[in-house]
1. How much accessible area does residue 7 have with a 1.4 Å probe, in Å² rounded to the nearest 10?
2. Take the alpha-carbon centre of the stretch 293-365, take the same for the stretch 136-176, and report the distance between them in whole Å.
3. Calculate, in nm to one decimal, what residue 398 and residue 21 gain on full extension: separation in residues at 0.36 nm each, minus their alpha carbon distance.
4. What do the square roots of 5 times the Cα gyration tensor eigenvalues come to for the stretch 2-412, in whole Å, largest first, as semi-axes of the equivalent ellipsoid?
5. Can you give the net charge of the other residues whose Cβ lies under 10 Å from the Cβ of residue 230, counting K and R as +1 and D and E as -1?
6. Assuming 0.36 nm per residue, please report the length gained on full extension of the stretch residue 310 to residue 207 beyond their Cα-Cα distance.
7. Only bridges with both residues in the stretch 2-412 count here: give the DSSP antiparallel percent, nearest 5.
8. At 1.4 Å probe size, with no ligands or nucleic acids counted, give the accessible surface of residue 200 in Å², nearest ten.
Amino acid sequence: MAEIVQRLREHFMRQEPFGMAAPTFFAELVTRAPVVHFDGMWVISAYELVTRLCTHPDVPMAAPVFTEAVHRDNPQFVRFFRNTLSVRAPEEHMRLRSVLTGAFSGRHLATLRTRIDEVVAELLADPLRAGGTEFVSALAVPLPARVTAVLLGIPPADRDLVAARATGMMHQLSAGFLTESHPEAGTPITAAEFAELRDYVAGLLVRREAEPADDLIGHLAQVRQAGKLTVDEAVDMVLLLFMTGLDTVTAALTNTLVVLQEWPEVAAALAADPSCADRVFAEAIRLRTPVAFGSRQVARDVRVGSLEFNAGDTVILTFAAANLDPRKFADPMEFRWDRPITGNVAFGHGSYYCLGSALAGMTAQSLLRALHDCLPRIDRPLADLPWRASLAFPTPRLLPVTFAPAAAESGAR
Ligand code: HEM
């Protein structure tokens, strides 16, 4: 136990990736140390406790902590995060969440299916012609950026700039806990760029009030006109979706390809029957969970089961480990077709359950269906892949692939 806790601490401190061994580490963590308490921090991996804490009113999500430099250089960005729906008081959180739930409903998303298939086809055209590509930069990064832009209704001419600004926001967020020399550091969005982005989104909302449209910004404009949302709240929501809907999907798509390479019989089954794409995706993000952790801050002294939490304690919910808990999942390290699609916590659970889960699933399934008869084969031994340094996103940074026709693929395996 002491040794695994020490390893966890070191990884946290250095933000050092586990690489291919991530599931092995998380499985060991949940088995040997399902509850860990060190330096005022709890690391909870047991599935039952993770799901309990996800719905506990006294253990809410907390705003990230920013350095003095971020407070000084980009105060509007800090304000945005302190006001974002996830960190509002419970009633406000529910009110703002309910505004978005409508926009993410099955009925609305169904209208996006064809557009997502078109985006997938556009992005795949060149790589398929070339017979191979670097999957992360050619597909896993631009696909969610374009899908989010379609969902929101960002005009095509502005999509690349908005996606670049969203990346800048992610870098600004990580500037709160990464040193400048860290490989994940990147260039944070500046205060001027952030102010410009807010004005741009506010301008789109005003335009949608005059010219209604059936996209998410159009929906927010209607809700605002009905007096149920302020302009600032609507702008914050749009920016939040850009922050939550990009890196997550990139990591999920990339990890799914890794799982397909690790499980050749699954790749062969998908090649034979693309309708199993939903099952493949669900099991892939359980085995290699793209968002490894959620974080909470205890609001007041509270007892949960046998654990005593103190107000102010930080709680890390290890979704990646809970998904490998043998008390919940039989043969947790095995890809199993008979597991229910729902029930794993790759999209969280309870109060903060991912609003974009259905959209992410549609995006992944669209890509898997399009690729089912020429599934990409990773061109490097899996052990040699470079990994993102971020512990929060256990996923390869690069994935060089070639597209293999299905018959050759299953034959070779
Ligand atoms: C496979 C891709 C995705 C994964 C693995 C993922 C994962 C998660 C997880 C684990 C949470 C809960 C965090 C916690 O409880 O601490 C969450 C929340 C959230 N996700 Fe996702 N997500 C994905 C895609 C998306 C997309 C595409 C969007 C929107 C376009 C989105 C929007 C959100 C929002 C708004 C929340 C916060 C909900 C709230 O506070 O009530 N996510 N996501």
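1. 70 Å²
2. The two parts, judged by their Cα centres, are 26 Å apart.
3. Working: separation 377, 0.36 × 377 = 135.72 nm, distance 1.66 nm.
In short, 134.1 nm is gained.
4. On the way: eigenvalues 189, 170, 83 Å².
Ellipsoid semi-axes (Å, largest first): 31, 29, 20.
5. Working: positive: 224, 228; negative: 232, 233, 236.
Residues close to residue 230 contribute a combined charge of -1.
6. Values: separation 103, 0.36 × 103 = 37.08 nm, distance 4.78 nm.
Residue separation times 0.36 nm, minus the Cα-Cα distance, leaves 32.3 nm.
7. Numbers: 20 of 24 bridges.
So the antiparallel bridges in the stretch 2-412 amount to around 85 percent.
8. Rounded to the nearest 10, the figure is 60 Å².
The values are calculated or read from the model by the stated rules, or taken from the named source; none is laboratory data. None of the values given here were measured: they were computed from a predicted structure. Here Cβ is always computed from backbone atoms with ideal geometry, including for glycine, and neighbour counts include all displayed protein chains. Calculation scope for accessible area: heavy atoms of the full protein, side chains included, ligands and nucleic acids excluded. Shrake-Rupley method; radii C 1.70, N 1.55, O 1.52, S 1.80 Å.
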